[in-house]
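Trainee: Questions regarding the structure given below will be posed in turn.
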Amino acid sequence: MSLPPFKVLRPRSIDEAVGYLEKHVANIRVLAGGTDLIPSMRQRLFSPEYVLDLSGVAAMRGVRPQSDGGVEIGSLTTLRVIENSGFLRQHYPVLAEAAATVASPVLRNMGTIGGNICLDTRCLWYNQSLTWRKGCGFCIKKDGDLCHVAPGGTKCWAAFSGDTPPALLCLNTEIEIAGPSGVRRIPLQDFYTGLGDSYRKLQANELVTRVFLPASSADYRGVYRKLRVRGSIDYPLAGVAVVMRHSSNGHSIGHIADVRIGITAVNPAPLLVKGATDLLAGKEMNDLLAEAAGDLAAKTAKPLTTSALTPEYRSEMIRVFTKRAVLAAAGMN
């Protein structure tokens, strides 16, 4: 499928980029790596008059360790750079591992951390050609008023399918957003709405510019597990991130001081599993405790028929992957 006609705008600074967004707010799309936007434009999900190419904004690129032990990451930093960053692999391994699972090496060379955070939600009835979508009468997310996933409902259940956000949530990440009124910094957890069609708290004239990982989340053991049909290129159909810190007061390696679990691809937003810390912290890891963590994560997951695999199978794989991930993070698998 060919691309619709559009004009390319190439800013050299964040202020210039925000200015373009403000000027053309009703008919513009942002291009970071383009790995999601370009296919969507080919499917005629978007036909903007203008495309804002951010590749020339050098200030939005790079992994910059901070003096307090944390790290700042420009939102245009590619997933390949994050995957191969020695600093991130040493101090924030769950993020490097999650980035390494995204698509293929070619796409990781292009895709960015900001793009993965802002990734559009996906659904079998949405991510299709215009002809296909016309045939099913469109949907709530685009041009229609019917949800094919939950007929009769008023909520869009398209699933968020980014790999890095559950890892970032586990790390207590904050993001910087730039707009006409200035810059604001918010917890990543507050960025997502839980709605498939309006899934993020980002105005059309705003950009995600930087990502901040705190020093307090450094040096946790990290594990990411992902379910997909084709292992080399597909989006996750279920994903689990786990970070864990062990006690340093003489307990064995399996004794947990702190733990966080994040899931993706089974809800309209990436989520932290509530109660995981209370369930596991201060205890000695074993198979039964790992099984309980898997059960808790599976209860948090609400997969519906938005992908090629059944909701029941995806929920079960969240349980299985969580159990395996917490055992691996505890050094027992």
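Coordinate-derived values only; no laboratory data. Being a predicted model, the structure only gives us computed values, none of them experimental. We place every Cβ from the backbone using ideal geometry, glycine too, and count neighbours over all the protein chains shown.
Trainee: Which of 260, 200 has the fewest other C-beta atoms within 10 Å, and how do the rest follow up to the most?
Mentor: If I rank by nearby Cβ atoms, fewest first, I get 200, 260.
Trainee: OK, next. What 222 nm value per residue comes from the helices of the chain, counting each DSSP H run with n ≥ 4 as -39,500 (n - 2.57) and dividing by all residues, nearest 500 deg cm²/dmol?
Mentor: Taken over the chain, the calculation gives -8000 deg cm²/dmol.
Trainee: Further question on the same structure: To make sure I understand the rule: partners must be aspartates and glutamates, Cα under 19 Å from the Cα of residue 134, and not fewer than 8 residues away in the same chain. Which ones qualify?
Mentor: 143, 145, 197
Trainee: To continue, here is another question. Cα atoms only: what Rg and Dmax, in Å, come out for the range 1-66?
Mentor: Calculated on Cα positions, Rg and Dmax stand at 13.1, 45 Å.
Trainee: Here is a further query. Only Cα pairs within less than 10 Å get springs; with that Gaussian network setup on the chain, which residue of 40, 13, 307 has the largest fluctuation?
Mentor: Maximum among the listed residues: 13.
Trainee: What are the lysines whose alpha-carbon lies under 18 Å from the alpha-carbon of residue 155, with same-chain residues fewer than 8 places away excluded?
Mentor: Filter leaves 141, 142, 201, 302.
Trainee: Within the range 91-114, list the residues whose amide N lies under 19 Å from a label point set 7 Å along Cα→Cβ of residue 332.
Mentor: So the set is empty, nothing qualifies.
Trainee: Treat each spin label as a single point 7 Å out from the Cα along the C-beta direction, and report the residue 219 to residue 248 distance in nm.
Mentor: With each label point 7 Å from Cα toward Cβ, the separation is 0.4 nm.
Trainee: In Å, what Kirkwood hydrodynamic radius results for the range 34-91 from the alpha-carbon pair distances?
Mentor: Evaluated on the range 34-91, it is 13.7 Å.
Trainee: Let me ask something else. Of (1) 19.9, 65; (2) 19.4, 58; (3) 23.9, 108, which one was derived for Rg and Dmax of the Cα atoms in Å from the structure shown?
Mentor: (1)
Trainee: A further question follows. Quick one: putting +1 on the C-beta of Lys and Arg, -1 on the C-beta of Asp and Glu, what dipole do you get for the chain around its Cα centre, in Debye to the nearest 20?
Mentor: It comes to approximately 640 debye.
Trainee: Report the full-extension gain for the segment residue 278 to residue 295: residue separation times 0.36 nm, less the Cα-Cα distance, to one decimal in nm.
Mentor: Difference between extended and current length: 4.7 nm.
Trainee: Mind checking which aspartates and glutamates have their C-alpha under 20 Å from residue 226, skipping anything on the same chain fewer than 8 residues away?
Mentor: Partners found: 36, 83, 97, 120, 163, 234, 291, 295, 312, 316.
Trainee: If you build a Gaussian network model of the chain, linking Cα atoms that sit under 10 Å apart, which residue out of 71, 63, 25 swings the most?
Mentor: 25
Trainee: Could you tell me the convex hull volume per residue, in Å³, taken over the Cα atoms of the range 160-246?
Mentor: 123 Å³
Trainee: Here's another thing I want to ask about it. Using Cα pairs closer than 8 Å and at least 6 residues apart in sequence, work out the relative contact order for the chain, in percent.
Mentor: Rounded, it is 16 percent for the chain.
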